[in-house]
Amino acid sequence: MRKALRWLLALTVLIGTLGTAATAGTAGAATAARPQATADIKERLLSIPGMSLIEEKPYTGYRFFVLNYTQPVDHRHPSKGTFQQRITVLHKDVSRPTVFYTSGYELSTTPRRSEPTQIVDGNQISMEYRFFTPSRPDPADWTKLDIWQAASDQHRIFKALKKVYDKNWLSTGGSKGGMTATYFERFYPRDMDGVVAYVAPNDVVNDEDSAYDRFFATVGTKECRDRLNAVQREALVRREPLEKKYAAVAADNGYTFRTIGSLDRAYEAVVLDYVWGFWQYNLLENCADDKLVPPDAKNATDDQIWTSIDTVSGFSFYTDQGLEPYTPYYYQAATQLGAPTIHFPHIEKKYLRYGYQPPRNFVPRDIPTTFQPRAMRDVDSWVRHNAHQMLFVYGQNDPWGGERFRLGKGAEDSYVLTAPGANHGARVSGLTADEKNLATARILQWAGVPAAAVDRAKPLAKYDAKLDVRGVDRQPTLRP
């Protein structure tokens, strides 16, 4: 593996545990010693400089900690201020592999286990992405929100926790989390022993998005595409009465539209997200649900059209209240990540006033943005030529897979796999049987588990209905 293992701390704990059991001399005494051993993980975590406890939550078979870790605002100039970044630790055992997970957004403080963590039966470290509250410097210097700074956050957390969890490490994440795991690997390729990136978009050339138009011309079936397109068009045909309903809803809920500019802009943005949002979050079979997608849009009631658009896209999202939590994402999309632009051949131009709006429109005007076209090109080139022990998993019917990571001749022991019929919630478990076995075996191999387990190519931990929540997180449509 790429990183030498360090055994000293683990050995010290092991010797201490064995010594206690030997002194007691009975099985009962050995059992009594276990709580002391498990309690020690809290002490070890809190002995790390800059680490502090927010809370510990009980979960059978694990210890779960919500922590703050002191990070430099600027990793190039660490003396120029710090901020508190939240992380969680789902502790299994220091003898197990560790998975480093991030969603690329805010941090969930509910115990959850990513698919790779279940597969390797390991520990999981989860990180809140910088600038998502409360992990935001104050005052916020937005120029310090970029992919290198975020990767450096992960690098420092890894170095600190590697002293406790000294077995193999994998990084993972879905969507923007998959992008984050990939960028971490690009900037710190010696940290992880493997990468599992789910449904990670790769917008190499921001102004060239024809791949998405091709996707929407062929995804699913013609019957479903026509049905969705008709609802989307009808929502623009009926703009006047539906915007009146929107204004009433906004007044009742205190919604405002300062960032995007107007209710009219917000309305069109929500409607134009509709087809994308359906394929991001739904399966082809959901297209036959008459309540979700009215079968005869022209003869549907205004309420049916409204409900369909609201259910899929969400009329609250492009309000100031809906956009504010995602300002860090849209800032990054406007400065480095890029964002898709698609066309709507089924909608006459007279019904379109703005088209797909750029991410700059979703960032408050007092936060300046300048796009950096080299950032994604650099990552894409690095992955093509240097990927080592990296696995990319995509969903066949996920729009975000229209532009994906690809491997070149320089890649080693790396794979790009597609789950048939899957949406933005694609997982290893949804791959074809042969590819699922391949992916599972590689994850186990990279985690450094015994060869017999690798050969079986099965998850080492049993499914837990609470820990192993699968599917697609309900996120705003036009963010990965």
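The values are calculated or read from the model by the stated rules, or taken from the named source; none is laboratory data. None of the values given here were measured: they were computed from a predicted structure. Here the Cβ is made from the backbone with ideal geometry for all residues, glycine too, and neighbour counts use every protein chain on show. In case anyone asks, the SASA skips ligands and DNA or RNA and just uses the protein heavy atoms, side chains included. Shrake-Rupley method; radii C 1.70, N 1.55, O 1.52, S 1.80 Å.
Can you name every residue in the range 143-173 that is open to solvent by 30 Å² or more (accessible area, probe 1.4 Å) and within 30 Å of residue 368 (Cβ to Cβ)?
Of everything in the range 143-173, those that are open to solvent by 30 Å² or more (accessible area, probe 1.4 Å) and within 30 Å of residue 368 (Cβ to Cβ) turn out to be 143, 144, 148, 155, 156.
Filter the range 365-404 for residues that are more than 30 Å from residue 257 (Cβ to Cβ), buried (at least 23 other Cβ atoms within 10 Å of the Cβ) and among the aromatic types (Phe, Trp, Tyr) and give the result.
Hits for the range 365-404 are 392, 394.
What is the number of the single condition among (1) within 22 Å of residue 152 (Cα to Cα); (2) part of a strand (DSSP E or B) that residue 58 does not meet?
Only one criterion is unmet by residue 58, namely (1).
Within the range 174-185, restricting attention to residues that are assigned to a helix (DSSP H, G or I) and polar (S, T, N, Q), which residue is surrounded by the fewest Cβ atoms within 10 Å (Cβ to Cβ)? Explain how you work it out, then say what you get.
The initial filter retains those residues of the range 174-185 that are assigned to a helix (DSSP H, G or I), namely 176-185.
Adding the requirement that they be polar (S, T, N, Q) leaves 180, 182.
Numbers: 180: 29, 182: 25.
Applying the filter and picking the extreme gives 182.
Output the residue which, of all residues in the range 340-360 that are surrounded by 17 or more Cβ atoms within 10 Å (Cβ to Cβ) and of a type in the set (A, V, I, L, M), is nearest to the chain's Cα centre (by Cα).
Only one residue tops the list, namely 342.
For the range 128-174, which residues satisfy the criterion of being among the small types (Gly, Ala, Ser) and touching a residue at least 12 places away in the same chain (Cβ under 8 Å)? Steps first, answer last, please.
Narrowing the range 128-174 to residues among the small types (Gly, Ala, Ser): 135, 140, 150-152, 160, 171, 173-174.
Within the range 128-174, 135, 150, 151, 152, 160, 171, 173, 174 qualify.
Of 189, 241, which residue is more than 26 Å from residue 440 (Cα to Cα) and in contact (Cβ under 8 Å) with a residue 24 or more places away in the chain? Before the answer, list the steps.
On the way: 189 fails: more than 26 Å from residue 440 (Cα to Cα).
On inspection, the qualifying residue turns out to be 241.
Could you check how many residues of the range 318-339 are over 19 Å from residue 264 (Cα atoms) and either acidic (Asp, Glu) or surrounded by fewer than 16 Cβ atoms within 10 Å (Cβ to Cβ) (or both)? Steps first, answer last, please.
The first filter runs over the range 318-339 and keeps only residues over 19 Å from residue 264 (Cα atoms), leaving 325-339.
Filter once more, so that each one left must be either acidic (Asp, Glu) or surrounded by fewer than 16 Cβ atoms within 10 Å (Cβ to Cβ) (or both): 325.
Of the residues in the range 318-339, 1 are over 19 Å from residue 264 (Cα atoms) and either acidic (Asp, Glu) or surrounded by fewer than 16 Cβ atoms within 10 Å (Cβ to Cβ) (or both).
Among the residues of the range 378-421, what is the count of those that are among the acidic types (Asp, Glu) and more than 21 Å from residue 225 (Cβ to Cβ)? Explain how you work it out, then say what you get.
Start the filter on the range 378-421 by keeping residues that are among the acidic types (Asp, Glu), which leaves 378, 380, 398, 403, 412-413.
Checking the rest, the ones that are also more than 21 Å from residue 225 (Cβ to Cβ) come to 378, 380, 412-413.
Here the count works out to 4.
Can you tell me how many residues within the range 248-282 are crowded, with 21+ Cβ neighbours inside 10 Å and of a type in the set (Gly, Ala, Ser)?
The number of residues fulfilling the criteria is 3.
Could you check the range 446-463 and list, in sequence order, the residues that are touching a residue at least 12 places away in the same chain (Cβ under 8 Å) and assigned to a helix (DSSP H, G or I)? Outline the logic, then answer.
Residues of the range 446-463 touching a residue at least 12 places away in the same chain (Cβ under 8 Å): 446-449, 454-455, 457-461, 463.
The answer is 446, 447, 454, 455.
Residues in the range 283-300 that are open to solvent by 80 Å² or more (accessible area, probe 1.4 Å) and in contact (Cβ under 8 Å) with a residue 24 or more places away in the chain: how many?
2
Can you pull out the residues in the range 106-131 that are β-branched (Val, Ile, Thr) and either open to solvent by less than 40 Å² (accessible area, probe 1.4 Å) or under 30 Å from residue 367 (Cα atoms) (or both)? First the steps, then the outcome.
So in the range 106-131, the residues β-branched (Val, Ile, Thr) come out as 109-110, 117, 119-120, 125.
Within the range 106-131, 109, 117, 119, 120, 125 qualify.
Only one of (1) of a type outside the set (D, E, K, R); (2) in contact with a strand residue (DSSP E or B) (Cβ under 9 Å, 6 or more places away or on another chain); (3) not in a helix (DSSP H, G or I) fails for residue 400. Which number is that?
(3)
If we scan the range 410-424, do we find a residue that is without any contact (Cβ under 8 Å) to a residue 40 or more places away in the chain, in a helix (DSSP H, G or I) and either touching a strand residue (DSSP E or B) at 6+ places or on another chain (Cβ under 7 Å) or open to solvent by 20 Å² or more (accessible area, probe 1.4 Å) (or both)?
Within the range 410-424 (the criterion being without any contact (Cβ under 8 Å) to a residue 40 or more places away in the chain, in a helix (DSSP H, G or I) and either touching a strand residue (DSSP E or B) at 6+ places or on another chain (Cβ under 7 Å) or open to solvent by 20 Å² or more (accessible area, probe 1.4 Å) (or both)), the answer is no, since none of the residues qualifies.
Kindly indicate whether residue 360 is over 16 Å from residue 197 (Cβ atoms), part of a helix (DSSP H, G or I) and in contact (Cβ under 8 Å) with a residue 12 or more places away in the chain. Let's see the steps before the verdict.
On the way: over 16 Å from residue 197 (Cβ atoms): yes; part of a helix (DSSP H, G or I): yes; in contact (Cβ under 8 Å) with a residue 12 or more places away in the chain: yes.
Against the criterion (over 16 Å from residue 197 (Cβ atoms), part of a helix (DSSP H, G or I) and in contact (Cβ under 8 Å) with a residue 12 or more places away in the chain), residue 360 qualifies.
Please state which of the following conditions residue 134 fails to meet, knowing it meets all the rest: (1) surrounded by fewer than 24 Cβ atoms within 10 Å (Cβ to Cβ); (2) more than 19 Å from the chain's Cα centre (by Cα); (3) not hydrophobic (A, V, I, L, M, F, W, C).
(2) is the only condition that residue 134 fails.
Give 308, 313 a once-over and let me know the one that is crowded, with 21+ Cβ neighbours inside 10 Å, closer than 22 Å to residue 399 by Cα, touching a residue at least 24 places away in the same chain (Cβ under 8 Å) and more than 22 Å from the chain's Cα centre (by Cα).
Values: 313 fails: more than 22 Å from the chain's Cα centre (by Cα).
Within the list 308, 313, the selection yields 308.
Considering (1) open to solvent by 60 Å² or more (accessible area, probe 1.4 Å); (2) over 25 Å from residue 358 (Cα atoms), say which one residue 218 fails and leave the rest.
Here residue 218 meets the rest and fails (2).
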